[in-house]
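> Below are the structure tokens for one structure; questions will follow.
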Ligand SMILES: Nc1ncnc2c1ncn2[C@@H]1O[C@H](COP(=O)(O)OP(=O)(O)O)[C@@H](O)[C@H]1O
Ligand SMILES: [Mg+2]
């Protein structure tokens, strides 16, 4: 996909301006076995109700850890700082009990591998009914009806029959639909989809993405779409934040980003979008070289060692992440398309 094609694929939608989720300077560090892993090193973004924000970056760039931090799903070895305001409340620093309640009712997450999130020994219908009952006092019959309604909502084929089947009897795409149904059981305001379509073939991926877009339209759910695939962001996101080495390095409305890429790393990611179908799981090498060792980050821009535009300055001083053009943030001393 060329940059122009990506720009065309961007759907510009309008929505309310009050942020539902406001993440500011989020940082996560893991300590243990004499090592310190700086997994998230400054991530900020805003997401409004009914909108989709894509969080994009190579494997290991801190996408999953940053979202798990918001959900209170990190192990005790993690130290989380910064702020994450959701619906007017601070999420960070809450007790496990409070976070469990928020996860149940307000924020839900869908992961890459539904076969690992579903219980292989339980029928689909039982798992969804349990999710429905976990969210409120409903009797068995009402829960069953609601579960069937959810399966229809996610367009699971033959829901009445599938209700009595086990996860292994369903295709990958159907299992992901079931996971989405379970995630929607509590009518969350925010859905975090972490590589939710990565394991699926391209056709099924498109179906699931369309389903999410349709559900968003109907239910007003805000979506954080985590992916290594910038093409997916171009097609489905309102806003995009690009992460590198745990840091936000470019952030803008999708239409702006794909029309005027500033960060050389984002440009490299765009160049890696293949024209032909690629097999699922294919993590494409973006640009020669490796991401930095997160146990000892370099003093300058973490992308400098791989960047074709880097100068001496880049290796010494870290460029600030700032709003250089209206609504367009980046962290680079030598941005693309800007004469200095
Ligand atoms: N529990 C943990 N303990 C130590 N390091 C971790 C832990 N979980 C993740 N990491 C590290 O944090 C970094 C970011 O991981 P992650 O957010 O999963 O990346 P992404 O989702 O972008 O592929 C990686 O270097 C990973 O190894
Ligand atoms: Mg991940």
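> Which of the residues belonging to region 195-212 are crowded, with 19+ Cβ neighbours inside 10 Å and either outside any helix (DSSP H, G or I) or within 16 Å of ligand 2 (Cβ to nearest atom) (or both)?
Residues satisfying the conditions are 195, 196, 197, 198, 199, 200.
> Show me the helices (runs of 4 or more DSSP H) found entirely inside region 44-149 where at least 1 residues are more than 18 Å from the chain's Cα centre (by Cα) and either away from ligand 1 (no atom under 16 Å from the Cβ) or surrounded by fewer than 21 Cβ atoms within 10 Å (Cβ to Cβ) (or both).
Result: 96-105, 114-117, 124-134.
> Could you please let me know if residue 33 is surrounded by 16 or more Cβ atoms within 10 Å (Cβ to Cβ) and more than 8 Å from ligand 1 (Cβ to nearest atom)?
In short, no.
> Working carefully through the options 215, 225, 232, find the one that is within 16 Å of ligand 1 (Cβ to nearest atom), in a helix (DSSP H, G or I) and either crowded, with 22+ Cβ neighbours inside 10 Å or modelled with pLDDT under 95 (or both).
Being within 16 Å of ligand 1 (Cβ to nearest atom), in a helix (DSSP H, G or I) and either crowded, with 22+ Cβ neighbours inside 10 Å or modelled with pLDDT under 95 (or both) holds for just one of 215, 225, 232, which is 232.
> For residues that are away from ligand 1 (no atom under 16 Å from the Cβ), touching a helix residue (DSSP H, G or I) at 6+ places or on another chain (Cβ under 9 Å) and touching a residue at least 60 places away in the same chain (Cβ under 8 Å), scanning just region 191-204, find the one that is farthest from residue 73 (Cα to Cα).
The qualifying residue farthest from residue 73 (Cα to Cα) is 201.
To keep it simple, each residue is scored yes or no on (1) within 19 Å of residue 166 (Cα to Cα); (2) within 16 Å of ligand 2 (Cβ to nearest atom).
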| site | (1), (2) |
| --- | --- |
| 72 | no, no |
| 78 | no, yes |
| 92 | no, no |
| 98 | no, no |
| 117 | yes, yes |
| 124 | yes, no |
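> A further question on this structure: Residues to consider are 15, 50, 42, 34; find the one that is farther than 25 Å from residue 256 by Cβ and either more than 16 Å from ligand 2 (Cβ to nearest atom) or at pLDDT below 95 (or both).
34
The values are calculated or read from the model by the stated rules, or taken from the named source; none is laboratory data. Only a predicted model underlies this, so the values are computations on that prediction, with no experimental measurement involved. Glycine also receives a Cβ, built like all others from the backbone with ideal geometry; neighbour counts cover every protein chain displayed.
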